[in-house]
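Right, one structure below, let's go through it.
The values are calculated or read from the model by the stated rules, or taken from the named source; none is laboratory data. The model shown is predicted, which means the values in this text are computed figures rather than measured ones. Neighbour counts run over all protein chains shown; Cβ positions are idealised from the backbone, glycine included. Just so you know, the surface numbers come from the protein's heavy atoms only, side chains and all, with ligands and any DNA or RNA stripped out. Shrake-Rupley method; radii C 1.70, N 1.55, O 1.52, S 1.80 Å.
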Amino acid sequence: MKIGVLAIQGDFAEHIAMLKRLNVEAVEVRLPEHLKGLDGLIIPGGESTTIGKLATDYGLMEPLRQFGQRHAVWGTCAGAIFMSKDASRNQPLLNLMDIKVERNAFGRQVDSFEADLDIPELKQVTGTKDAFHAVFIRAPIIESVNGDAKILASVADGRIVAAQQVHLLATSFHPELTNDTRFHEYFLSLAD
Amino acid sequence: MEQQTGTFAVKKGLAQMLKGGVIMDVVTPEHAKIAEDAGACAVMALERVPADIRAQGGVARMSDPELILRIMDAVTIPVMAKCRIGHFVEAQILEAIGVDYIDESEVLTPADEANHINKHLFKVPFVCGCRNLGEALRRIGEGAAMIRTKGEAGTGDVVEAVRHARTVLGDIRRLTTMADEELMAFAKELGAPYELVKETKELGRMPVVNFAAGGVATPADAALMMQLGVDGVFVGSGIFKSGDPAKRAAAIVKAVTHYQDASILAEVSKNLGEPMVGRNVSQMPEAEKIAGRGW
């Protein structure tokens, strides 16, 4: 299996390190031709405005949309915003997932936090019992999921922080900043 | 399920989100919009860019909180602001208004000539400058969650940025080849905390994100720093002291993403208009250099 990580801006190296730990071939994607031969794609955390602008300037928007029709794609934080249909603001979006997001929904950096999440699907697929320790950095929330999109995880107050739409995945938090590879394993099960 | 804020993981984590990006100095909300539209991953809110601080002289202090707040309102990307070295009350004020990162910066006039701020006491993360690995690890020891090599701010001359990046990255390369029993002596030589020296060896890199700063003025300068091995680039006076800031800003952003692709670098380097008027650091009197500030 060969997984691409969109390497326009953000913490793509952290995702690649996680995939390598799972013995998966991982490559950086900066231009449309880099999508060839991939089984799945991760869009990392970073600044969604930066990623959207450069994806537009280098002709990646349409190729990414087409890739997402047939292959597994996972967006973390900025990546989740980029995959959404609606970010309540005018910026380039892939419209891949039928979700509406709100950027910086928890506040500014001083409000960034860590919390344990209970994610039944993740436990089931990986055969584990532990909660998932999640890191939220100026994180968005998923305001609403529509159509085929389903809620995967919420924080204690009920706000949605992870969603899945068949082979597409969006998380407000950053599994790549932890030592827990379970979310990456879960994504690989969708790419298989 | 309790939520913990202000942990080192979330402080360091924001810097990880900035990787592969360009952080631009801005002095007005309009500049901040231009920077955001050009693809900046964050802005540094200031009253004067370093080139003007140099030209005007006098004591350089934290910017007016009102200006910083107006810049925070203008953009959705993270906003950083500078406080003086050792001036922990300026830092408290910046934390109170909610900036996303504080730069304890040698570009401002130092408030303490022996000590830096105890950055562990804050929820807001700090970035600090360095010229070598020892200085970087001392700052991390004090709680910095991000490092930038200093270069020589406000000159448009990349030579010091290269010197400092080569020194830091060279120190790390040397460290990774050392035997474990040599680490204490190396920690002593660097003047750095032993545990952080050990951690750096194990990771094979700086324990936090490391950007380049101080003298980057062109897309080629930015890509040069990336190819040397830094995680991203600060551009201070280089953008808004140039002929066409919006175009140059966008070109530098592209150069940082495509830093290994010479044909893209050639394309983005075309027709950028006048670069900032530089000052040769080699012809500058020692007293005018600011990289030596920091202990």
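Counting only strands (runs of 3 or more DSSP E) that sit completely within the range B:1-114, those holding 1 or more residues that are at the interface with chain A (Cβ under 8 Å from one of its Cβ atoms) correspond to B:42-45, B:101-105. Scanning the range A:138-192 for residues that are in contact with a Lys or Arg (Cβ under 9 Å, 6 or more places away or on another chain) and among the acidic types (Asp, Glu) yields a total of 1.
Scanning the range B:231-243 for residues being in contact with a Phe, Trp or Tyr (Cβ under 7 Å, 6 or more places away or on another chain) and open to solvent by less than 10 Å² (accessible area, probe 1.4 Å) gives a total of 2.
Report yes if B:Met226 is open to solvent by less than 40 Å² (accessible area, probe 1.4 Å) and either in contact with a strand residue (DSSP E or B) (Cβ under 9 Å, 6 or more places away or on another chain) or among the small types (Gly, Ala, Ser) (or both), otherwise no. Full working, then the answer.
On the way: open to solvent by less than 40 Å² (accessible area, probe 1.4 Å): yes; either in contact with a strand residue (DSSP E or B) (Cβ under 9 Å, 6 or more places away or on another chain) or among the small types (Gly, Ala, Ser) (or both): yes.
In short, yes.
Taking first residues from the range A:104-116 that are in a helix (DSSP H, G or I) and partners that are open to solvent by 30 Å² or more (accessible area, probe 1.4 Å), the Cβ contacts under 6 Å between residues at least 6 apart in sequence or on separate chains come to A:Val110/B:Lys123.
In the set B:Ala179, B:Ala217, B:Ala222, only one residue is under 25 Å from B:Leu46 (Cα atoms) and out of contact with any Ser or Thr (no Cβ under 9 Å at 6 or more places or on another chain); that residue is B:Ala222. Looking only at the range A:101-120, which residues are open to solvent by 60 Å² or more (accessible area, probe 1.4 Å), over 16 Å from the mean Cα position of the chain (by Cα) and either more than 8 Å from every other protein chain (Cβ to nearest Cβ) or polar (S, T, N, Q) (or both)? Within the range A:101-120, A:Pro120 is the sole residue that qualifies.
Tell me the strands (runs of 3 or more DSSP E) entirely within the range A:1-100 that contain at least 3 residues that are over 23 Å from A:Phe136 (Cβ atoms) and within 14 Å of chain B (Cβ to nearest Cβ). Explain how you work it out, then say what you get.
On the way: elements: A:2-6, A:25-29, A:40-43, A:72-76.
Output list reads A:25-29.
Contact annotation: residue pairs with Cβ atoms under 7 Å, 6 or more positions apart or on different chains, pairing a residue in the range A:1-12 that is in contact (Cβ under 8 Å) with a residue 60 or more places away in the chain and closer than 18 Å to A:Gly68 by Cβ with a partner that is of a type in the set (Phe, Trp, Tyr) and open to solvent by 10 Å² or more (accessible area, probe 1.4 Å), are A:Leu6/A:Phe12.
With the requirement that a residue be open to solvent by less than 10 Å² (accessible area, probe 1.4 Å) and out of contact with any helix residue (DSSP H, G or I) (no Cβ under 6 Å at 6 or more places or on another chain), what does the range A:133-148 give you? Answer for the range A:133-148, where residues must be open to solvent by less than 10 Å² (accessible area, probe 1.4 Å) and out of contact with any helix residue (DSSP H, G or I) (no Cβ under 6 Å at 6 or more places or on another chain): A:Ala134, A:Phe136, A:Ala139, A:Ile142.
A:Ala139 - would you say it is touching a residue at least 12 places away in the same chain (Cβ under 8 Å) and within 13 Å of chain B (Cβ to nearest Cβ)? Yes: the conditions hold for A:Ala139.
B:Glu181 satisfies every condition listed in (1) modelled with pLDDT of 95 or more; (2) crowded, with 18+ Cβ neighbours inside 10 Å except (2). The set of residues from the range B:251-295 being aromatic (Phe, Trp, Tyr) and either farther than 30 Å from A:Val5 by Cα or more than 23 Å from the chain's Cα centre (by Cα) (or both) comprises just one member, B:Trp295.
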